[in-house]
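All remarks here apply to the structure that follows.
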Amino acid sequence: MVKLYDGGVYLVRGAEIVPEANAARVRELTGKAPDKAEARKGTIAYGILQAHNKSGNPDALQIKFDALTSHDITYVGIIQTARASGMTTFPVPYVLTCCHNSLCAVGGTINEDDHMFGLTAAQKYGGIFVPPHMAVIHQYMREMFAGCGKMILGSDSHTRYGALGTMAVGEGGGELDKQILGDTWDSAYPGVAAVYLTGKPNPWVGPHDIALAICGAVYKNGYVKNKVMEFVGPGVASMSTDYRNGVDVMTTETTCLSSVWRTDDDTKAYLTEHGRPGDYKELNPADVAYYDGCIEIDLSTIKPMIAMPFHPSNAYEIDEFNANLTDILREAEKAAEKVSQGRAPYTLLDKVRDGKLQVQQGIIAGCAGGGYTNIVEAANLLKGKSIGANEFTLSVYPSSMPVYMDLSRKGALADLAAAGAVIKTAFCGPCFGAGDTPNHNGFSVRHTTRNFPNREGSKPGSGQMSAVALMDARSVAATAANGGLLTSAEQYADAFGNVPAYRFDESPYKARVYNGFGKADLSKDLFYGPNIKDWPERPALQENILLKVCSKILDEVTTTDELIPSGETSSYRSNPLGLAEFTLSRRDPEYVGRTKAVDALEVAREQGGEIPELKDVYRVVQTIPGQESVKPEEIEIGSTIYANKPGDGSAREQAASCQRVLGALANIAQDYATKRYRSNVINWGMLPFHLKGEPTAFEVGDWIYVPGIGTALRENKTDDIPAYVLKDGEAREIALYIRDMTENEREIIQAGCLINFNRNRK
């Protein structure tokens, strides 16, 4: 049972939920009427946020984080930005992991060049460098850094350590640069939603089952969008901390801002086992705490789940899935048609064998699936069995070398290998499409974080198409035991529950991790490979701008994967212009050519030349009241995209920066899917416009003129921005606006990007 409450609730003594409409019940329980404003301060989240807030205003947060973390897709660009902005050393622990491009399988030397850059940057600026295959980013942070009451900022959307009492946030690289440069992460105080847990999960139910049930209940209705999810209630104690980690990391897929859990003796035991007993403290809500919403879950009612392509919220109970197999598969095929856009066929109904779906691949990996408990339970089920010599394959990636070692010592890896599974080292590739791509028209079931389009690595534009469903490791193992026929873990109910205590061995980290925090050596030279390039210069924003619509996407939501693809393209993320060639390549392949042509016009304007192509456009501009005397040289030229709701998914800043280096000046949207994508747009100097009304007035190729935008930013008058579509010799007014921005955010856009803003402050 997953129940969503309408409106806010009071939680009394951590044990009883009282809807706000029934506030008199609080008086009955406590002897006094509730003070809502005071009760808001009773959440765990409030205490942690205010302890890190430097603004002096509890409603306008300016947060300094305790630690930072990035992986090898993002850290080069972040460090390059910080260097260009005047960085001297890393002021807080900054962990650089190598878990995304660790295979070095694409692009010659460029991935290992990035790793060498990361090592030398850690040596030069005082960072912590985790070499390839040692650990995935979030497992390392759980093991070595997360602790009760801390806050950690990471350049990966799944930066979530709430089960350890840490409020962690995934953001684009620009926000990490602000921390490195001594600035703050700025946000209005967020809403906080309780996740009230009761009961106990059945032995055959894993953390992914609970997480997918939550995603299915709250994603589409935006119930927790940009809120903190706070896990409370007696059901928390029914799960080990390792198990809780598997639920917590998936809160990202709800579009929440962060997460935090009440802590207990099991949290203490986890931190003690990892050599950090001092990082434990008990965290519980106050006797009366007010929440802006509540998700109540009876854990005993959760059943094994599957999330069909192409989102973790597309969730069904596996029993429901099998009972309605044909209908659900038909809907999945229709969704695949939209993804492929006719470029690649994809079928599922032909994979039904005797009423069950034949799967081609199973994966257990990463920060969600690769935990100790998940792999032990999979090994327990598969011990003495065989996955068979047919089309089905199974790969298992322990999330860190310490986890790998303990699984090996306890025989779990041998049991998996004997059953036919392939054991691999810590790697995030199956989560973002850079490893284990299935066969064309194949279907993969994975205990990983995401099943967005092409997250399995296929290329519909080249006629290749496969897809991923998400399932818990227990049901992946059950499917493997059944030769790849999709099977609920409940069918093997007796296999689960025997999980021996985990023993953490830090020796691989002591041997290989470079820990340079506080030991910066500025004489150290950075290693530069031929693919590592500086950010190209971008000019300051002008008073008036002329935007060409270079893509128009009318999907309900546009993911960061569609804006800049994941997978093998990640190898080029240290080369801003090289990576930009892939912008929107799987969604709108003509975009790059269009926006380059627009950027060429801006280059001509900057050089003072005439632009014959725009003569008629300028003539129409001068028909707009108040613009009669505006000169072409007073109008900056750039591109824009329209998308209904862009930015769901990854924190990667390149989803925005790739547009900017190609000359984009703005996004236009009905809404932004996540705060982190909107922050990336701003940090890269683009205007995060909202459109009032439907996008019927313009199409791809049309020009939009926005006069006086510089003044509007300086005067903070952005709630009503007149703009004009220049079409058929006429100027047709449309209404744009920008939601609240901080003074720094407005200045960043005026400067042209965060790098310029920081240079201007020197």
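The values are calculated or read from the model by the stated rules, or taken from the named source; none is laboratory data. Because the structure is a prediction, the values reported are computed rather than measured. Ideal geometry is used to build each Cβ from the backbone, glycine not excepted, and the neighbour counts take in all protein chains shown.
Per the conditions (1) under 41 Å from the mean Cα position of the chain (by Cα); (2) part of a loop (DSSP other than H, G, I, E, B), the sole criterion not satisfied by Pro625 is (1).
Comparison of Gly433, Gly461, Gly442 shows that the only residue that is at pLDDT 95 or above and small (Gly, Ala, Ser) is Gly442.
Given the condition over 23 Å from Ile137 (Cα atoms), at pLDDT below 95 and exposed (fewer than 14 other Cβ atoms within 10 Å of the Cβ), answer yes or no: does some residue in the range 64-84 qualify? Looking for residues that are over 23 Å from Ile137 (Cα atoms), at pLDDT below 95 and exposed (fewer than 14 other Cβ atoms within 10 Å of the Cβ), one finds none in the range 64-84, hence no. For Thr640, the criteria (1) part of a loop (DSSP other than H, G, I, E, B); (2) within 26 Å of Lys338 (Cβ to Cβ); (3) of a type in the set (Val, Ile, Thr) hold in every case but one, which is (1).
Suppose we filter the range 587-598 for residues that are crowded, with 18+ Cβ neighbours inside 10 Å and either not hydroxyl-bearing (Ser, Thr, Tyr) or not assigned by TED's automatic domain parsing to the domain that holds Ile641 (or both); how many remain?
Narrowing the range 587-598 to residues crowded, with 18+ Cβ neighbours inside 10 Å: 587-588, 591-592, 594-595, 598.
Keeping just the survivors that are either not hydroxyl-bearing (Ser, Thr, Tyr) or not assigned by TED's automatic domain parsing to the domain that holds Ile641 (or both) gives 587-588, 592, 594, 598.
Residues that pass the stated criteria total 5.
Of all residues in the range 154-175, exactly one satisfies the criterion of being of a type in the set (A, V, I, L, M) and within 21 Å of Ala656 (Cβ to Cβ), namely Val169.
If you check Asp728 against the conditions, is it within 27 Å of Thr560 (Cα to Cα) and out of contact with any helix residue (DSSP H, G or I) (no Cβ under 8 Å at 6 or more places or on another chain)?
On the way: within 27 Å of Thr560 (Cα to Cα): no; out of contact with any helix residue (DSSP H, G or I) (no Cβ under 8 Å at 6 or more places or on another chain): yes.
Considered against the rule, which asks whether it is within 27 Å of Thr560 (Cα to Cα) and out of contact with any helix residue (DSSP H, G or I) (no Cβ under 8 Å at 6 or more places or on another chain), Asp728 comes out as no.
Across the range 48-63, the number of residues qualifying as surrounded by 17 or more Cβ atoms within 10 Å (Cβ to Cβ) and either among the charged types (D, E, K, R) or in contact (Cβ under 8 Å) with a residue 60 or more places away in the chain (or both) comes to 6.
I'm trying to understand the selection: among the residues of the range 465-512, which are in a loop (DSSP other than H, G, I, E, B) and closer than 21 Å to Leu357 by Cβ?
Met465, Ser466, Asp472, Asn482, Gly483, Gly484, Leu486, Thr487, Ser488
Taking residues in the range 190-212 that are touching a residue at least 40 places away in the same chain (Cβ under 8 Å) and surrounded by 24 or more Cβ atoms within 10 Å (Cβ to Cβ), and partners anywhere that are of a type in the set (S, T, N, Q) and not in a helix (DSSP H, G or I), the pairs with Cβ atoms closer than 7 Å and at least 6 places apart or on different chains are Val192/Thr43.
The residues listed here are Thr120, Thr159; of these, the one that is crowded, with 24+ Cβ neighbours inside 10 Å, closer than 30 Å to Asn758 by Cα and of a type in the set (S, T, N, Q) is Thr159.
Yes/no per residue for (1) within 30 Å of Leu176 (Cβ to Cβ); (2) out of contact with any strand residue (DSSP E or B) (no Cβ under 6 Å at 6 or more places or on another chain):
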{"site": "Glu16", "(1), (2)": "no, yes"}
{"site": "Ala24", "(1), (2)": "no, yes"}
{"site": "Arg40", "(1), (2)": "yes, no"}
{"site": "Ala45", "(1), (2)": "yes, no"}
{"site": "Gln50", "(1), (2)": "yes, yes"}
{"site": "Gly56", "(1), (2)": "yes, yes"}
{"site": "Asp59", "(1), (2)": "yes, yes"}
{"site": "Phe65", "(1), (2)": "yes, no"}
{"site": "His71", "(1), (2)": "yes, no"}
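Being within 19 Å of the chain's Cα centre (by Cα) and in a loop (DSSP other than H, G, I, E, B) is a property that holds for Ser157.
For the range 466-489, a residue qualifies if it is in contact with a Pro (Cβ under 7 Å, 6 or more places away or on another chain) and among the hydrophobic types (A, V, I, L, M, F, W, C), and the qualifying residues are Ala467, Val468, Ala469, Leu470, Ala489.
One residue stands out in the range 320-343 among those that are free of Cβ contacts under 8 Å to residues at least 60 places away in the same chain and not in a helix (DSSP H, G or I): the one that is nearest to Ser585 (Cα to Cα), namely Gly342.
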